[in-house]
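The values are calculated or read from the model by the stated rules, or taken from the named source; none is laboratory data. Only a predicted model underlies this, so the values are computations on that prediction, with no experimental measurement involved. Every residue, glycine among them, receives a Cβ derived from its backbone with ideal geometry; neighbour counts consider all protein chains shown. Just so you know, the surface numbers come from the protein's heavy atoms only, side chains and all, with ligands and any DNA or RNA stripped out. Shrake-Rupley method; radii C 1.70, N 1.55, O 1.52, S 1.80 Å.
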Amino acid sequence: MKRLIAVVLAGFVISATVNCSGLFGPSDEDVKNAIDAAVKGMMTVPFSEKLDADQFRYSNTADLYDANADETITQDVTVSLDTEARYLTFEGICSFYDFVDAASGNTINGQINYQFEGSIKKGANDFQMVFEFDLAFAGGKVESIAFTIDENFDQSENQPEILVNGNAYQFKEDVMRNTFRTMRSMNIL
């Protein structure tokens, strides 16, 4: 009887672990590397080129588009500048189409939507930003990542609410801090 109870308890623990992305799910390092791969891929495609400045000659709005060499990552950006009020609005979509990350071998699909807006007056502090990650991965333990960073995100919490493989995911504090530090160093946050 004791053996049966032990087997049932062991089965319950293993089942709970598998269902909660524990031992057999992605590790903090797997999730961090997936986010890093997407951010680094995003940064390979410029938000704008020098020629894009010509659009502002006749309008306060510019629609910008660029892609990497094999068009597996694209950037669609709209920039609006109210010169009188000195207010900038920057909206973009970075789309991944079967992008293969060379470091991990993972294939990434999905989008990163981002918005920045606020006054560009000297000393102004009303700048707001929103980042929405909704990405699918193939080739590793991470199958999907979704999270939003916006004005409601408290940086002292060290991480937004993150869904990995459809389940709520909690990083160890130092791992997430390092990931967001990397994103900030790349001038993303």
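If you add up the charges near residue 98, with Lys and Arg at +1 and Asp and Glu at -1, over every other residue whose beta carbon is less than 13 angstrom from its beta carbon, what do you get?
Net of charged neighbours comes to -3.
As an exercise, identify the chymotrypsin sites (Phe, Trp or Tyr not before Pro) in the stretch 74-144 lying in DSSP coil whose Cβ has no more than 14 other Cβ atoms within 10 Å.
For chymotrypsin sites (Phe, Trp or Tyr not before Pro) across the stretch 74-144 that sit outside H, G, I, E and B with at most 14 neighbouring Cβ atoms in 10 Å, the list reads 127.
Apply 1/(1 + (r/R0)^6) to the Cβ-Cβ distance of residue 117 and residue 138, taking R0 = 45 Å, and write down the FRET efficiency to the nearest 0.05. Could the numbers behind the result be given before it?
Values: r = 34 Å, r/R0 = 0.76.
Once rounded, the FRET efficiency stands at 0.85.
Separation between the residue 102 and residue 168 pseudo-spin-labels, each 7 Å from Cα along Cα→Cβ, expressed in nm?
The answer from the label model is 4.0 nm.
Sorted by accessible area with a 1.4 angstrom probe, largest first, how do 95, 104 fall?
Descending accessible area places them as 104, 95.
Provide the per-residue ³J(HN,Hα) series for the stretch 106-111, in order, calculated from phi with Karplus coefficients 6.51, -1.76, 1.60 and θ = phi - 60°, each as a whole number of Hz, with x at glycine and proline positions.
6, 9, 10, 9, x, 9
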